[in-house]
Amino acid sequence: MKLSIITINLNHAAGLRSTIRSVAEQTWTGFEFIVIDGGSRDGSLNQIREYEGLIDTWISEPDRGVFDAMNKGIALASGDYLLMLNSGDVLYDRDVLKMVFADHCFTEDILYGDVLRESRGTIIDHSVFPGQLTFNFFRNGSLSHQATFIRRTVHDIAGLYDDTMKYAADWKMFILAICKHNLSYRHIPGLVAVCNCDGLTCDPANFAGMRAETELTLRTDFPVFMDDYKKLDSLTEKTWQASLSRYKARARSFARSVLKNGIRETLLQGRHAN
């Protein structure tokens with residue numbers, strides 16, 4: 001079994017160096033390494049040339065964005081599984097690929113592990129993903145592509161990354177693959193990658209755009225599901241509001257009783273009432 005690691009980069013020489021070094025240190029080497037550069041002018045090409053002996057294929061040319069670059073990598077890949085490890089993301093440790101692939105022969109379409117998230121050199125989150133993936137999970141979240149090994153044939157069924165999207169094409173591919181095409185998956189317990197969170201999808205200024213893209217996909221590909229979930233959300237909200245109203249009413253009643261009778265007498269009355 002062969003793995004293709006695909007790294008995309010644009011003017012992020014320091015991040016690219018970190019990513020390449022984490023790949024170079026791996027103790028399991030049954031992979032090819034592909035670097036797709038978007039025509040960087042910051043010294044990224046120097047990093048590529050320094051590690052050219054490790055990199056099987058690389059190109060540097062303008063592209064239409066992140067997902068167009070990822071699709072270029074897929075077109076060049078020959079592995080059974082693909083891993084999108086973008087510039088700035090690193091594998092968790094030198095034995096990660098050995099842990100995943102050395103003693104296993106997987107049949108699932110999608111394999112996914114857990115991740116740490118870092119920003120400016122500080123770990124800010126530890127994401128542990130569930131063993132069962134549901135439509136509701138994808139309504140509000142996604143897998144981390146930096147820790148997800150995708151069988152090459154998944155893209156023949158679920159499609160490539162939608163390069164008309166700016167933020168959420170990886171999420172779209174996952175929800176279509178699992179919730180629409182019912183492709184198989186397996187959670188691999190343990191950390192696979194450390195994801196850099198200084199990019200587009202972690203900037204609060206882009207959250208509205210991300211939400212608009214996900215809402216359009218949900219409404220386009222899962223309209224019946226969404227109608228049901230909207231009703232469920234409404235019922236859940238009404239139930240929560242009713243519970244909150246009852247709690248507030250009891251709190252007000254307790255406060256009035258304390259003012260009238262004192263805290264000790266009020267507590268005794270409540271004990272007798274129970």
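Values for this structure:
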quantity	calculated
Set of region 49-79 residues, backbone N closer than 19 Å to the point 7 Å along the Cα-Cβ line of residue 1	77-79
Estimated FRET transfer efficiency when R0 is 35 angstrom, pair residue 76-residue 136 (beta carbons, to 0.05)	0.45
Proximal aspartates and glutamates relative to residue 72, as straight alpha-carbon distance under 17 Å, when same-chain residues fewer than 8 apart are discounted	32, 37, 56, 61, 63, 80, 156, 162, 163, 170
Cα extents of region 146-199 along the three principal axes, largest first (Å)	29, 28, 18
Added length on full extension, which subtracts the Cα-Cα distance from 0.36 nm per residue, residue 205 to residue 164	12.8 nm
Residue 25 - accessible surface, heavy atoms, 1.4 Å probe, Å² rounded to 10	100 Å²
Area of residue 181 that stays accessible when all protein chains are in place (1.4 Å probe, Å², to 10)	70 Å²
Residue 60 accessible area, assembled protein chains, probe 1.4 Å, Å²	50 Å²
Residue 42 versus residue 152: modelled label distance in nm, points set 7 Å from Cα along the beta carbon direction	3.2 nm
Listed residues 95, 162, 228 arranged by accessible area, highest first, probe 1.4 Å	228, 95, 162
Additional length obtainable on full extension of the chain from residue 50 to residue 93, 0.36 nm per residue less Cα span	13.3 nm
Integer Hz, Karplus 6.51/-1.76/1.60 couplings in order for region 124-129, x for Gly and Pro	10, 6, 10, 9, 10, 8
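The values are calculated or read from the model by the stated rules, or taken from the named source; none is laboratory data. What you see is a predicted model; the values in this text were computed from it and never measured. Backbone-built Cβ (ideal geometry, glycine too); neighbour counts: all protein chains shown. Accessible surface areas use protein heavy atoms only, side chains included; no ligands, DNA or RNA. Shrake-Rupley method; radii C 1.70, N 1.55, O 1.52, S 1.80 Å.
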